[in-house]
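Below is one structure; the comments refer to it alone.
Derivation of every value follows stated rules applied to the coordinates shown; laboratory data play no part. Just so you know, these numbers come straight off a predicted model, no measurement behind them. All Cβ positions, even for glycine, are placed from backbone atoms using ideal geometry, and neighbour counts span all protein chains on display.
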Amino acid sequence: MEFKDKVLDDLVARIRALEAEVEARVAEQRAQFRYRVERNRIRFEHGVQAGHRVFRRGLWEQLRRSPIAFYLVSPFIYALIIPLSLLDLVLTVYQAVCFPVYGIKKVPRSDFVVVDRHHLAYLNPLEKLNCVYCGYGNGVLGWAREIAARTEEYWCPIKHARRVRAPHSRYVHFADYGAALEYRRRLGQLREHAKGDFEGE
């Protein structure tokens, strides 16, 4: 979507170029650490995982050295799996029911919920469990954010009067606060934009 403001259009283009540079750097690091991703599966070069096992910290050693406070707060941390799982289920139903009605393209869950760190041989079982949990939890929340962003862009694409910290991917496209004529003129265009992919194009 092109902006009415050329400066804003240029800034967004620069942001996308920087994101592409970040992706290129990550690809370079993959080569450095001798792995590749094939069909969503991680493949290490021969001998790499054996080298990783040298750096694995024993489970009992980790448990013995952990402060008692870690054990006291862990029920609160792991209890979040209940609302996260419920949110995951509700989002699945919400997208399946509502998005087709409005013609909004569904947000692929697999683009956000990425669970792959448990394959690292230098992690012990507890570290692997924690990595699965964090990947799942942050993934569901990121997925929820994009679903909410598309919903907001369709129904209420108006910027707030106050500054929003770390706005979602679609916020920059919204009509300015108080710009009544702009909102009415662009609402149809913004709703069409809401139907697009994650990148917003």
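The GluC sites (Glu not before Pro) of region 1-51 that meet both conditions, a loop assignment by DSSP and at most 16 other Cβ atoms within 10 Å of the site Cβ, are 2, 45. Taking region 108-129 and a reference point 7 angstrom along Cα→Cβ of residue 66, the backbone N atoms nearer than 12 Å belong to 124-129.
Calculated mean residue ellipticity at 222 nm for the chain: -20000 deg cm²/dmol, from DSSP H runs with n ≥ 4 weighted as -39500 (n - 2.57), summed, divided by the residue count and rounded to 500.
Taking all Cα pairs closer than 8 Å and separated by 6 or more residues, the relative contact order of the chain comes to 19 percent.
Note on the chain: with a GNM built from Cα contacts shorter than 10 Å, the maximum mean-square fluctuation among 63, 129, 120 falls on 63.
Placing +1 on the Cβ of every Lys and Arg and -1 on the Cβ of every Asp and Glu, with no other charges, gives the chain a dipole of roughly 460 debye about its Cα centre. For the chain, modelled as a GNM whose springs connect Cα atoms under 10 angstrom apart, the maximal fluctuation among 43, 165, 191 occurs at 165. Could you state the angle between the C-alpha long axis of helix 81-102 and the longest principal axis of the C-alpha atoms of the chain, as a value from 0 to 90 degrees rounded to the nearest 10? Relative to the chain, helix 81-102 is tipped by roughly 30 degrees. Once both labels are positioned 7 Å from their Cα atoms along Cα-to-Cβ, the gap between residue 110 and residue 18 label points is 3.1 nm. Against the chain, whose longest principal axis comes from its Cα atoms, helix 125-155 is set at around 0 degrees. Projecting the Cα atoms of 118, 86, 67 onto the charge dipole of region 67-194, computed from C-beta unit charges around the Cα centre, puts 86 farthest toward the positive end.
The phi-based Karplus calculation (6.51 cos²θ - 1.76 cosθ + 1.60; θ = phi - 60°) puts the 3J(HN,Hα) values of region 5-20 at 9, 4, 4, 4, 4, 5, 4, 5, 4, 5, 4, 5, 5, 5, 4, 5 Hz, whole numbers, x for Gly and Pro.
With R₀ set to 35 Å, the beta-carbon distance separating residue 6 from residue 94 gives a calculated FRET efficiency near 0.40. Summary of the geometry: region 51-65 and region 128-173, compared by the centres of their Cα atoms, lie 35 Å apart.
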